[in-house]
Amino acid sequence: MSTFQAPKGTYDLIPPNSATYLAVREAISVPLRNSSHGYIETPGFENVELFARGVGESTDIVTKEMYAFETKGGDKLALRPEGTASVLRAALEANLHKGGNLPVKLWYSGSYYRYERPQKGRYRHFSQVGAEAIGAEDPALDAELIILAHQAYRSLGLRDFRILLNSLGDKECRPVYRAALQDFLRGLQLDEDTRRRIEINPLRVLDDKREAVQEQLIGAPMLRDYLCEACKTYHEQVRELLTAAGVAFEDDPKLVRGLDYYTRTTFEFVHDGLGSQSAVGGGGRYDGLSEMIGGPALPSVGWALGVDRTVLALEAEGITLDIPAATAVYAVPLGEEARRVLFGKVTELRRAGVATDFAYGGKGLKNAMKSANRSGARLALVAGERDLAEGVVQLKDLVSGEQTAIALDAVVDEVRRALG
Ligand code: HAM
């Protein structure tokens, strides 16, 4: 037993399962790189004020879930709970929006931290791959991002996911709705906490999962009925573009996201095999965020897909990704001279791009062959003194068991041919 364990709410990615995580990150990034998104990486922590202002003072993320701390130098920082505020901060700082080429399209992949109550699919450290398109108001941009996420999930073979779509209105129509909703909510039987929420973040009350609350929400004013003409038209265009692209979605007038910066288009990808933590990804438009963190007006839209939950979704659908074995060739030397010669061949093969491993630690033949089989390699290269004297090594096909002697100086070519 080891003395230390991973902190509560976290887990380690270890082989062979870690290969699936890498493959998921890769699969999500492919459509993004194929649609002119540039890669961005920002620090794992930021000034705490960035998230307080960006994500919102009244959100659970900021009030309860942030890993905030003060450094020895007196800086107030927080581990990043999400990526959007950081990416926008970095884009503004680097003046990317002044390059005359809007939108600035960026993608990222990394670790995020939320002090949440851990359960399956909800962790304190998790991974997202995300995309942000900064500085353009165009329904095609919203549609593009949703289509790309859909493409990413499909490329992984996922089928049991749904896209929930809503519009949260803009600074013209949302305040009118907010006031109407507050009026309605103030008349309900609610606990202290929820009553307080009515005053600071009434839309979040709609998201309350408790049945006793949901029952009372029947008949609540819906944002849909308060959208201004501009928001309505915009939303209709997003819907039409998705439909034309063959991407099915469900209108969810109650979809409210857990971050305050959203305006207009909001969406969530939910997977039906995941139980309560069913959101595998989410995002939307955040036209006011730039100004909230001190920048110019830059209407933007983005999403983040959760890598951990996407892996769980694969498991739920019984999908195993086709991940090539980490090792194609395994070299087994018998004796000191063979060690020297075969080690040279291993280096040669690797330089030629063939994934190769070596029986280290002076293993006997039987043990070494066991390791060769366990490595998943297709081929083994075995050589003893007699082989070397004849200028050959034995090439063994680990699937068929067939063995042939090949010339030492033709190893790379012969291996390549055998691998096809
Ligand atoms: P979010 O909905 O908070 O949005 O997170 C996006 C995804 O990250 C979730 O759908 C989920 O898959 C994953 N996730 C979140 N929290 C956890 C957790 N505790 N454990 C495991 N997975 C988790 C955002 O973060 C926004 N920044 C998305 C965005 C980008 N909006 C605009 N641009």
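Here are the numbers:
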{"read-out": "Some residue of segment 370-385 being surrounded by 19 or more Cβ atoms within 10 Å (Cβ to Cβ), of a type outside the set (A, V, I, L, M) and either out of contact with any helix residue (DSSP H, G or I) (no Cβ under 9 Å at 6 or more places or on another chain) or over 30 Å from Asp322 (Cβ atoms) (or both)", "value": "yes"}
{"read-out": "Residue in segment 39-62 that is within 15 Å of the chain's Cα centre (by Cα) and near the ligand (Cβ under 10 Å from one of its atoms) present", "value": "no"}
{"read-out": "Residues (more than 6 Å from the ligand (Cβ to nearest atom), in contact (Cβ under 8 Å) with a residue 60 or more places away in the chain and not in a loop (DSSP other than H, G, I, E, B)) located in segment 282-291", "value": "Arg285, Leu289, Ser290"}
{"read-out": "Filter result (more than 9 Å from the ligand (Cβ to nearest atom), in contact (Cβ under 8 Å) with a residue 12 or more places away in the chain, assigned to a loop (DSSP other than H, G, I, E, B) and under 18 Å from Thr42 (Cα atoms)) within segment 73-122", "value": "Asp75, Arg80"}
{"read-out": "Residue check for Leu223: buried (at least 20 other Cβ atoms within 10 Å of the Cβ), more than 30 Å from Gly130 (Cβ to Cβ) and more than 27 Å from the chain's Cα centre (by Cα)", "value": "no"}
{"read-out": "Hits in segment 123-162 - residues which are surrounded by fewer than 20 Cβ atoms within 10 Å (Cβ to Cβ) and either assigned to a strand (DSSP E or B) or without any contact (Cβ under 8 Å) to a residue 40 or more places away in the chain (or both)", "value": "His125, Phe126, Asp138, Arg154, Arg162"}
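The rows are residues; the columns are (1) in contact with a Phe, Trp or Tyr (Cβ under 8 Å, 6 or more places away or on another chain); (2) away from the ligand (no atom under 11 Å from the Cβ).
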residue: Arg239; (1), (2): yes, yes
residue: Ala244; (1), (2): no, yes
residue: Ala248; (1), (2): no, yes
residue: Lys254; (1), (2): no, yes
residue: Arg257; (1), (2): no, no
residue: Thr265; (1), (2): yes, no
residue: His271; (1), (2): yes, no
residue: Val280; (1), (2): yes, no
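Laboratory data are not the source of any read-out in this text; all were calculated from the coordinates shown. Only a predicted model underlies this, so the values are computations on that prediction, with no experimental measurement involved. Methodologically, a virtual Cβ is constructed for each residue, glycine included, from the backbone with ideal geometry; neighbour enumeration extends over all protein chains shown.
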